[in-house]
Amino acid sequence: MYKFLKNASYILVLLGALNWGLVGLFGFDLFAYLFGIMTPVTRILYALVGLSALVSAVTMYSEHVDECCGCEY
């Protein structure tokens with residue numbers, strides 16, 4: 001379950017980053033194009049991307065602590 005959560009959050013963060021890259025470079029919101037502007041599906045997708053960023057941050061830190069080799073971080 002942990003590995004699935006980590007992989008799913010990584011994929012969602014990657015999709016969110018690509019979407020924001022498109023918005024910044026070209027003014028094109030892929031999520032809004034595919035699912036509509038601020039429809040419930042789009043809002044859920046944005047929320048999942050945000051939650052996935054938090055999950056990715058926590059799992060990245062916890063992996064570092066579990067595999068720590070005596071460093072200060």
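Just so it is clear, none of the values below were taken in a lab; they were calculated from the coordinates. Computed from a prediction, not measured in an experiment: that's the story for all the values here. Here the Cβ is made from the backbone with ideal geometry for all residues, glycine too, and neighbour counts use every protein chain on show.
Whole-Å semi-axes of region 2-66's equivalent ellipsoid, largest first, each the root of 5 times a Cα gyration tensor eigenvalue? Intermediate values should be presented prior to the final figure.
Values: eigenvalues 133, 33, 12 Å².
Those come to 26, 13, 8 Å.
Using a 7 Å offset from the Cα along the Cα-to-Cβ direction at both Ala57 and Ala32, what is the distance between the two label points in nm, to one decimal?
2.5
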